[in-house]
1. Looking at Gly58, Gly96, Gly103, which one is in a helix (DSSP H, G or I), at pLDDT 85 or above and surrounded by 15 or more Cβ atoms within 10 Å (Cβ to Cβ)?
2. Taking the stated definitions as given, is Leu90 without any contact (Cβ under 8 Å) to a residue 24 or more places away in the chain, surrounded by 13 or more Cβ atoms within 10 Å (Cβ to Cβ), of a type in the set (A, V, I, L, M) and closer than 13 Å to Leu51 by Cα?
3. Mind checking whether some residue in the range 15-25 is surrounded by 12 or more Cβ atoms within 10 Å (Cβ to Cβ), at pLDDT 85 or above and either over 25 Å from Ala100 (Cα atoms) or within 15 Å of the chain's Cα centre (by Cα) (or both)?
4. How about the range 116-156: which of its residues are surrounded by fewer than 17 Cβ atoms within 10 Å (Cβ to Cβ) and in a loop (DSSP other than H, G, I, E, B)?
5. Of all residues in the range 27-43, which are aliphatic (A, V, I, L, M) and part of a loop (DSSP other than H, G, I, E, B)?
6. Of everything in the range 61-93 that's among the hydroxyl-bearing types (Ser, Thr, Tyr) and in a loop (DSSP other than H, G, I, E, B), which residue is nearest to Gly139 (Cα to Cα)?
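The values are calculated or read from the model by the stated rules, or taken from the named source; none is laboratory data. Everything quoted here is computed from the prediction, not taken from an experiment. Here Cβ is always computed from backbone atoms with ideal geometry, including for glycine, and neighbour counts include all displayed protein chains.
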Amino acid sequence: MDRRHLLKAGGASLAVTAASPLSLFDPREARAQGAPFKVLSPDEVKTVESLSDALVPGARDAGVSHYVDHELASPSPRLMLRFAQLSGPLAPYYRGALAAFAGSMTSQGNGAFASLSPDAQRAVIEAVRTGTIKPWDAGAVAAPIFYGMMRNDGVDVVYGSAEGFKNLDIPYMAHIMPKTTW
């Protein structure tokens with residue numbers, strides 16, 4: 001293939017790409033519209049929402065489960081778990097950690113995290129944070145990593161926007177301002 005042919009082919013694909021609008025995802029709007037989930041099961045959604053909201057108040061309303069699901073379905077997820085030096089897609093690790101958490105809750109006789117009192121939720125969160133929650137599936141990411149990923153993904157969705165910065169009374173000084181508030 002010569003350079004001229006390559007440039008023509010590339011130019012055609014660039015024109016198609018430039019003509020199609022960019023898809024901007026707003027997790028709060030996805031939640032409000034009841035957008036379907038691509039990766040997470042209904043039980044996983046409940047766990048993500050209840051645990052994230054206990055860690056970062058407002059995460060549920062900000063659409064944390066839609067944010068996590070959207071990112072797990074994308075080829076380059078922007079979730080905190082990406083920094084854990086894992087190989088391959090993140091969805092199996094994320095789902096494995098959610099399963100380890102649910103399994104631990106069940107074996108302790110607690111049932112779903114969302115059904116616990118706020119004091120019991122804080123005790124479970126502290127056990128996860130310190131890695132003392134038992135049992136924990138050894139094949140899943142470590143409990144403190146799970147704590148970090150849930151907390152940070154909640155923080156990202158609640159405070160990682162111009163509106164979130166405003167709520168913290170911090171100037172949002174992005175190098176390039178986003179086209180939407182999320």
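1. So the residue among Gly58, Gly96, Gly103 that is in a helix (DSSP H, G or I), at pLDDT 85 or above and surrounded by 15 or more Cβ atoms within 10 Å (Cβ to Cβ) is Gly96.
2. Answer is no for this residue.
3. No; the residues of the range 15-25 include none that is surrounded by 12 or more Cβ atoms within 10 Å (Cβ to Cβ), at pLDDT 85 or above and either over 25 Å from Ala100 (Cα atoms) or within 15 Å of the chain's Cα centre (by Cα) (or both).
4. Selection gives Ser117, Gly131, Thr132, Lys134, Pro135, Asp137, Ala138, Gly139, Ala142.
5. If the condition is that a residue be aliphatic (A, V, I, L, M) and part of a loop (DSSP other than H, G, I, E, B), then Ala35, Val39, Leu40 are the ones that fit.
6. Step by step, filter the range 61-93, then rank; the result is Ser87.
To keep it simple, each residue is scored yes or no on (1) at pLDDT below 95; (2) of a type outside the set (Phe, Trp, Tyr); (3) out of contact with any Ser or Thr (no Cβ under 8 Å at 6 or more places or on another chain); (4) surrounded by fewer than 18 Cβ atoms within 10 Å (Cβ to Cβ).
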site: Ser13; (1), (2), (3), (4): yes, yes, yes, yes
site: Arg28; (1), (2), (3), (4): yes, yes, yes, no
site: Ala32; (1), (2), (3), (4): yes, yes, yes, yes
site: Ala35; (1), (2), (3), (4): yes, yes, yes, yes
site: Ser50; (1), (2), (3), (4): no, yes, yes, no
site: Leu72; (1), (2), (3), (4): yes, yes, yes, no
